[in-house]
Amino acid sequence: LDVTLSPNPSLTFRTIGGILDFYLFMGPTPENVVQQYTEAIGRPHMPAYWSLGFQLSRWGYGSLDVLKETVDRMKHYDIPYDVQHYDIDYMERRLDFTYDKVNFAGLPEFIKEMKKNGKHNVVILDPFITKDEEPGTYRPYELGQEMGVWINNSDGVTPAVGKAWPPGDSVFPDYTNPRTVEWWTQLCLEFKDVLDYDGIWIDMNEPSNFMRGQYPGCADNEINNPPYTPSISDRSLAEKTLCPDSKTYLGDHYDTHSLFGWAQTEPTFNAVQQATGKRAFVLSRSTFVGSGKHSAHWLGDNFSQWKDLRRSVIGILEFNLFGIPYIGADICGFNYNTSYELCLRWMQLGSFYPFSRNHNAEGNSEQDPAVFGDAFAKISRATLRIRYSLLPYLYTLFYESHVHGGTVVRSLMHEFTSDQETHGIDTAFLWGPAFMIAPVLEEATRSVTVYFPEAEWFDYYTVLPSAWKKNYATVSAPLNKIPLFIRGGYILPQQAPATTTTESRLNPFGLIIALDEQGQASGSLFWDDGDSIDTIEKENYFLAKYTFSKVSGNI
């Protein structure tokens, strides 16, 4: 199937068969459409408070010593930082459910130390398991073999064998099979005793295979080579994955391919919840309709280029429409080396992604916000402190999304639908209805052209009302500043920031009251312990609704 969008507006569906069911969500507002859509597919999960803090990652630390140096310089500059991710280099030879006892000797103790300092830890797991270790030495494979959990070849009996990160050849768990869910859950629970993780990052789960189909190649039949193939990599359905005629528990891989990551997500979510006894953190590369119920997502392997910085705004807006509001892009870019200015502007923008993580690929130079020296660290720290001070507002937006199913990040069009001018704006975005972020998206630029729809707008930094209304304005944006604006008529809860949410949650609260033309404002605050399971369902939370009227002067 492929779908072509044209400016008419129209959609053209091109398919070789099958049943098409169309669901129409009538709104009438864009926000209503998303609420109705998530009512059908499942509401977004409520993230743990700590997971709204800044997160750091790198494929290619290479050793615990290098990671420790990174953590130390983040501490030196007092940059807010809540979560450390561990990419595949923490593993022994890239084998799931192991850690490298040479280069990462002392990792279990290090993770415990991080926890003691109020930080959280997320480990990566890949969805392929090597079959070629010495017999009796690699339990994940042997237990899986015993339980019969792999995707099979077209004969439905022999496991599909491909090539991925681990040494030797790999087999692929079939997460649509209840036996696989048992196997995976058991291994995740056992691994918690090895590394005391708080969340799991599931990668490569398209599923990714470094070949075109498995050994010995895909048979030439109508499932593997249908009469029409959409414009995908090499025009082959098996490219970098498994043959479409492979067999899964639910049917041919041809029919279940898009469900691989989706099927892995819920079992991982449940396993993390079981292992930690706390609210689960799961980050998945592959998502499908309904993935937001159990998963965060990032926008995949981007590049350290200005155009990728720009496109990330569109990506976070789109995933909020898809019911996956806990979304972000790799800050500073994953592939290629970043530059000072690009990374600085990306740290500023990324400070306002719902999922805020700086991540980098093997072989590239370090790009954590503490590595570029004093000036860079100071600016990153200041911007992240704005994020942290507004986390009560962001957390409240996630509560509303979880309960009512709307967006957390939204376009100006979402709030000002009847204003045609907002329909084409994809360079600025809103947190909820009230907080506008207008990032610098181009190199060597020290100002931004911002459109202000019909409302009272206040500059976040000066708290002065602006004269702008239903108008474009050029706003100053020196290197140390990302333009931010508060919409009149709203009350935003805030809290004094700190270096971790563990500390900031203990700090005093405040309210930003921005009045509309009538001198009124309203808002709300959702608060709970931040990481217990189902606090909303169990009604174990605090919810305040605020209103302010200048006439009475009362809140």
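The values are calculated or read from the model by the stated rules, or taken from the named source; none is laboratory data. On a predicted model such as this, the values are computed, not experimentally measured, just so you know. Ideal geometry is used to build each Cβ from the backbone, glycine not excepted, and the neighbour counts take in all protein chains shown. In case anyone asks, the SASA skips ligands and DNA or RNA and just uses the protein heavy atoms, side chains included. Shrake-Rupley method; radii C 1.70, N 1.55, O 1.52, S 1.80 Å.
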Practice problem: Can you work out which of the residues in region 111-149 that are assigned to a loop (DSSP other than H, G, I, E, B) and charged (D, E, K, R) is least open to solvent (accessible area, probe 1.4 Å)? | Solution: 126
Quiz item: Can you name the residue in region 324-362 that is aromatic (Phe, Trp, Tyr) and either outside any loop (DSSP other than H, G, I, E, B) or in contact with a helix residue (DSSP H, G or I) (Cβ under 8 Å, 6 or more places away or on another chain) (or both) and is also most open to solvent (accessible area, probe 1.4 Å) among such residues?
Solution: 340
Quiz prompt | Index of the failed condition, residue 538 passing every other in (1) modelled with pLDDT of 95 or more; (2) within 18 Å of residue 393 (Cβ to Cβ) | solution = (2)
Exercise. Mind telling me which of the residues 378, 481, 470 ends up being open to solvent by 60 Å² or more (accessible area, probe 1.4 Å), more than 20 Å from the chain's Cα centre (by Cα), among the charged types (D, E, K, R) and closer than 23 Å to residue 494 by Cβ?
Key: 378
Quiz item: Looking at (1) surrounded by 22 or more Cβ atoms within 10 Å (Cβ to Cβ); (2) part of a strand (DSSP E or B); (3) among the aliphatic types (A, V, I, L, M), which is the only condition residue 11 fails?
Solution: (1)
Quiz item: On the given criteria, is residue 516 in contact (Cβ under 8 Å) with a residue 40 or more places away in the chain, buried (at least 17 other Cβ atoms within 10 Å of the Cβ) and not hydrophobic (A, V, I, L, M, F, W, C)?
Solution: no
Quiz item: Quick check, is residue 285 open to solvent by less than 40 Å² (accessible area, probe 1.4 Å), among the basic types (Lys, Arg) and within 26 Å of residue 407 (Cα to Cα)?
Solution: no
Quiz prompt | Residues being touching a residue at least 40 places away in the same chain (Cβ under 8 Å), in contact with a strand residue (DSSP E or B) (Cβ under 6 Å, 6 or more places away or on another chain) and not small (Gly, Ala, Ser) - total across region 148-160 | solution = 2
Quiz prompt | region 439-460, residues that are free of Cβ contacts under 8 Å to residues at least 40 places away in the same chain and open to solvent by less than 10 Å² (accessible area, probe 1.4 Å) | solution = 450, 452, 457
Quiz item: So residue 436 clears everything in (1) within 15 Å of residue 317 (Cβ to Cβ); (2) open to solvent by 10 Å² or more (accessible area, probe 1.4 Å); (3) without any contact (Cβ under 8 Å) to a residue 60 or more places away in the chain except one condition, right? Which one?
Solution: (2)
Quiz prompt | Residue that is nearest to residue 51 (Cα to Cα) [pool: residues in region 266-281 that are among the charged types (D, E, K, R) and open to solvent by 40 Å² or more (accessible area, probe 1.4 Å)] | solution = 278
Practice problem: Could you check residue 475 against (1) open to solvent by less than 40 Å² (accessible area, probe 1.4 Å); (2) in contact with a helix residue (DSSP H, G or I) (Cβ under 8 Å, 6 or more places away or on another chain); (3) closer than 23 Å to residue 385 by Cα; (4) β-branched (Val, Ile, Thr) and say which number it fails? | Solution: (2)
Exercise. Please determine, by comparing only the residues of region 519-535 that are surrounded by 12 or more Cβ atoms within 10 Å (Cβ to Cβ) and part of a loop (DSSP other than H, G, I, E, B), which one is modelled with the lowest pLDDT.
Key: 519
Practice problem: Specify which of the listed residues (185, 180, 176) is in contact with a helix residue (DSSP H, G or I) (Cβ under 6 Å, 6 or more places away or on another chain) and either outside any loop (DSSP other than H, G, I, E, B) or crowded, with 20+ Cβ neighbours inside 10 Å (or both). | Solution: 185
Self-check item: Residue pairs meeting the criteria (Cβ under 9 Å; at least 6 apart or on separate chains; first touching a residue at least 40 places away in the same chain (Cβ under 8 Å) and within 26 Å of residue 391 (Cβ to Cβ), in region 79-92; second open to solvent by 10 Å² or more (accessible area, probe 1.4 Å) and polar (S, T, N, Q))
Solution: 79/499; 80/499; 81/499; 82/499; 82/502
Quiz item: Among the numbered criteria (1) outside any helix (DSSP H, G or I); (2) over 24 Å from residue 295 (Cβ atoms), which single criterion is violated by residue 165?
Solution: (2)
